[in-house]
1. Quick check on this structure: which one of L16, L5 is without any contact (Cβ under 8 Å) to a residue 60 or more places away in the chain, exposed (fewer than 10 other Cβ atoms within 10 Å of the Cβ) and not acidic (D, E)?
2. Does L5 satisfy being hydrophobic (A, V, I, L, M, F, W, C), within 15 Å of the chain's Cα centre (by Cα) and part of a helix (DSSP H, G or I)?
3. Among the residues of the stretch 19-41, how many are surrounded by fewer than 10 Cβ atoms within 10 Å (Cβ to Cβ) and aromatic (F, W, Y)?
Amino acid sequence: MRMFLEKEQVIINKHLRRVCFLINFSSICEVYTSFKYTTLT
């Protein structure tokens with residue numbers, strides 16, 4: 001049982017890291033696009 005929980009924790013941690021990366025990436029993209037729009041106009 002304990003091993004199963006640790007395994008789950010590892011999977012959850014991996015998933016959280018991926019989600020955090022995606023969130024950071026999307027926010028960077030948003031900043032980049034807004035910057036581009038301000039320079040264009």
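A short reminder: the numbers here are calculations on the coordinates, not readings from a lab. These figures come from a predicted structure and were not determined experimentally. All Cβ positions, even for glycine, are placed from backbone atoms using ideal geometry, and neighbour counts span all protein chains on display.
1. L5
2. Against the criterion (hydrophobic (A, V, I, L, M, F, W, C), within 15 Å of the chain's Cα centre (by Cα) and part of a helix (DSSP H, G or I)), L5 does not qualify.
3. Residues that pass the stated criteria total 1.
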